[in-house]
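Following: one structure in structure tokens, then a few remarks.
The values are calculated or read from the model by the stated rules, or taken from the named source; none is laboratory data. As the structure is a computational prediction, the values presented were derived from the model and not from experiment. Note that we place each Cβ from the backbone using ideal geometry, even for glycine, and neighbour counts take in every protein chain shown. Note: accessible area is taken over every heavy atom of the protein model, side chains too, but ligands, DNA and RNA are not part of it. Shrake-Rupley method; radii C 1.70, N 1.55, O 1.52, S 1.80 Å.
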Amino acid sequence: MNINVIGRQLEITPAIKTYTENRLQAFSIFSTIKINTINATMEYSKGHFQVNLVLNCKYHTLTANASDFDLYKAFDAAADKLEAQCIGLKEKIHEHRAEPVSQTDIRQNAEM
């Protein structure tokens, strides 16, 4: 998993970079969605910080945006949104499995 941290109109300090990378490394538990890269773009404009996270999977691209007056709060909000999307995608992948033939026959006969 490749993590890129980009700053626009602000300098990415080592503290911000390590905090971001440690928080995004936690997304490695979602092994079923096969994450390739995560891009974190942090921007300062008009007195507030805006964070944009883009997660590239094998067949999907997930995005999350958040803005706040504190950079860490904005990043945590965007990371929480991205985590919720990953959980939903993981559940969708796991639940999209075919039922055994015997189970479908029993349900069809029960409905009639």
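The residues of segment 1-41 that are open to solvent by less than 70 Å² (accessible area, probe 1.4 Å) and basic (Lys, Arg) amount to a single one, Arg23. Any residue that is over 19 Å from Leu10 (Cα atoms) and open to solvent by 40 Å² or more (accessible area, probe 1.4 Å) - is there at least one of those in segment 42-55? Looking for residues that are over 19 Å from Leu10 (Cα atoms) and open to solvent by 40 Å² or more (accessible area, probe 1.4 Å), one finds none in segment 42-55, hence no. When restricted to residues that are among the charged types (D, E, K, R) and open to solvent by 70 Å² or more (accessible area, probe 1.4 Å), segment 59-74 contains 1. Six or more apart or on different chains, Cβ under 6 Å: which pairs go from a residue in segment 44-55 that's more than 14 Å from Val5 (Cα to Cα) to one that's crowded, with 16+ Cβ neighbours inside 10 Å? Could you list them? Short answer, once both residue conditions are applied: His48/Ser67; Phe49/Leu71; Phe49/Ala74.
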